[in-house]
Amino acid sequence: QESPPAEQDSSEPPAETGDSAGTAAALGSLKTFAAGTLDGGTFTQEDIAAKDVTVINFWSTTCGPCIAEMPDLAEFSNALPDNVQVVTVCLDGAWDPESAEAVLNEAAFEGVTLITGEGDLLDVCNNIRYTPTTVFVDSEGSLVGDAIISRQEDLSGTFLAAVNTALKESGKAEISLEA
């Protein structure tokens, strides 16, 4: 009696997805959450709001393609201007932080890695079916565009195009990668 019939749930897309709806919006949003970082810190929706676009890469320490793309992700992250950030979510990092740290150190990834989460982040993590999965989040916490699933041959080119699409949709200037 408390939950609406299933056909009501699927008949209309969620109102907050707007024009930027893509496959990522089906995973949820990041409007209210708190997460623990690998280095013992906290990351929240306020950290998302501080940037025009946040690239979030979901991976695990047992995923070969995730580990193989990590150096490319680190290089991409280091080339971004200040208004865009890359964050990783190690889905098994809370159980094996040493392995997660080893992968990130080997790849020279210097950004934030989340290993625990609650609220909207937990919901999104529960909706991730494949690793690696990368999503793009606007400053409001909405997942925009399409989720990118699997390792990318041209990670920088693919991710830059998705970042620029998200920036354009929110009325922001496109970026280029720094040399």
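We did not get these values from a lab; they are worked out from the coordinates using the rules stated. Being a predicted model, the structure only gives us computed values, none of them experimental. Neighbour counts are summed over all protein chains in view; Cβ atoms, including those assigned to glycine, are modelled from backbone coordinates with ideal geometry.
Quickly run through segment 58-68 and pick out the residues that are buried (at least 17 other Cβ atoms within 10 Å of the Cβ) and within 13 Å of Y130 (Cβ to Cβ).
Taking segment 58-68 first, the residues buried (at least 17 other Cβ atoms within 10 Å of the Cβ) are 58-61, 63, 66-67.
If the condition is that a residue be buried (at least 17 other Cβ atoms within 10 Å of the Cβ) and within 13 Å of Y130 (Cβ to Cβ), then F58, W59, S60, C63, C66 are the ones that fit.
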Considering every residue within segment 147-164, establish whether at least one is part of a strand (DSSP E or B) and either out of contact with any strand residue (DSSP E or B) (no Cβ under 6 Å at 6 or more places or on another chain) or within 16 Å of T54 (Cβ to Cβ) (or both). yes
Based on what the data block shows, is A100 farther than 21 Å from K31 by Cα and surrounded by fewer than 14 Cβ atoms within 10 Å (Cβ to Cβ)? no
Which one is surrounded by the most Cβ atoms within 10 Å (Cβ to Cβ) among residues in segment 69-91 that are among the β-branched types (V, I, T) and more than 18 Å from S176 (Cβ to Cβ)? T88
